[in-house]
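The values are calculated or read from the model by the stated rules, or taken from the named source; none is laboratory data. All values derive from a computational prediction rather than experimental measurement. A quick note on method: Cβ atoms are made from the backbone with ideal geometry, for glycine too, and the neighbour counts reach across all protein chains shown. Just the protein is used for accessible areas: all its heavy atoms, side chains included, with ligands, DNA and RNA removed. Shrake-Rupley method; radii C 1.70, N 1.55, O 1.52, S 1.80 Å.
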Amino acid sequence: MILAADIGNSITTLALFEEGGELALRSTCSTDPHATGDQFAIQLFSLFQLYHVEPKQITGGIVASVVPPVTAALTQAIERLTGRPPLVVGTGIRTGLDIRSDMHAQLGADIVAYCVGAIDKYDRSPSPVIVVDFGTAITFSLLRGNVYEGCVIAPGVRVGLEALSRQAAELPHISLMRPASLLGHNTVDAMQSGVIYGNASLVDGMLQRLEEEIGCTAAIIATGCYADEVVPYCRHAIQQDPELLLKGLFLLYQKNTEPKRRS
């Protein structure tokens with residue numbers, strides 16, 4: 001099995017893939033920037049026990065992280081349990097992407113991973129592909145074949161909601177729920193409507209501008225932990241793929257280990 005880990009600002013996702021690429025296990029937990037390698041090792045060991053997985057079954061691992069303080073701790077834990085240091089998505093890793101960026105090192109590991117996943121799964125038509133990732137930020141990444149043309153980064157769903165509650169003294173902290181209607185008849189309903197429909201409008205507006213920029217329609221793929229809340233209210237045809245980033249990590253692992261196996 002191959003262990004893939006995506007360390008996000010809010011959530012860390014762990015997955016186990018069979019050698020053929022089938023997803024065998026997926027688990028999420030809150031990202032703790034203060035956790036030590038031992039704490040991560042305990043969490044991983046408990047997870048393996050829960051799903052009846054022996055550490056010796058894991059033959060390799062790969063980590064994508066946008067939280068540098070957590071990267072070292074988690075990679076240390078993975079090596080301690082499996083006896084193998086995981087790959088870390090970053091400078092020097094083979095991606096197969098032609099990255100049109102001023103500074104390649106600034107491109108987030110999460111963006112690299114889901115772009116690799118999108119090229120493998122959706123690059124079957126002449127249309128460009130736009131990947132919308134609903135995480136701590138909402139990112140729009142444009143792909144033409146294996147060429148990464150660039151991205152747009154906007155505040156995420158939860159970030160906007162928390163900022164609204166924190167900065168406005170009379171607005172409460174609320175859970176993220178689907179609005180009953182567009183017009184709210186109390187403060188909570190009005191906030192939920194504003195967050196959900198507001199982000200859906202942001203996504204639709206940005207997609208329209210991107211398609212005008214490239215001069216044609218694009219295949220649009222949504223991923224990320226808040227996609228379920230927003231995508232149903234968007235007017236564009238958007239296909240959801242919650243495992244896109246994880247699948248991209250598995251493909252990156254293959255790209256960077258197969259030559260070694262053949263040699």
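Structure data summary
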quantity: Out of Cys225, Cys151, sole residue that is surrounded by 13 or more Cβ atoms within 10 Å (Cβ to Cβ), outside any loop (DSSP other than H, G, I, E, B) and at pLDDT below 95; calculated: Cys151
quantity: Test: residue in the range 37-51 that is under 19 Å from the mean Cα position of the chain (by Cα) and of a type outside the set (Ser, Thr, Tyr); calculated: no
quantity: Test set (1) at pLDDT below 90; (2) part of a helix (DSSP H, G or I); (3) over 23 Å from Lys247 (Cβ atoms) - Asp102 fails condition number; calculated: (2)
quantity: Any hit, the range 182-191, residues being surrounded by 15 or more Cβ atoms within 10 Å (Cβ to Cβ) and either within 20 Å of the chain's Cα centre (by Cα) or within 28 Å of Gly117 (Cα to Cα) (or both); calculated: no
quantity: Check on Asp133, among the acidic types (Asp, Glu) and open to solvent by less than 50 Å² (accessible area, probe 1.4 Å); calculated: yes
quantity: Qualifying residue in the range 41-56 (condition: closer than 20 Å to Leu244 by Cβ and hydroxyl-bearing (Ser, Thr, Tyr)); calculated: no
quantity: Only one of Gly96, Gly145, Gly160 that is more than 12 Å from the chain's Cα centre (by Cα), at pLDDT 85 or above, over 18 Å from Leu210 (Cα atoms) and not charged (D, E, K, R); calculated: Gly96
quantity: First in the range 154-174 and closer than 26 Å to Val132 by Cβ, second anywhere and aliphatic (A, V, I, L, M) and assigned to a loop (DSSP other than H, G, I, E, B), Cβ under 9 Å, 6 or more apart; calculated: Val157/Leu176; Arg158/Leu176; Leu161/Ile174; Leu161/Leu176; Leu164/Leu171; Ser165/Leu171; Ser165/Ile174
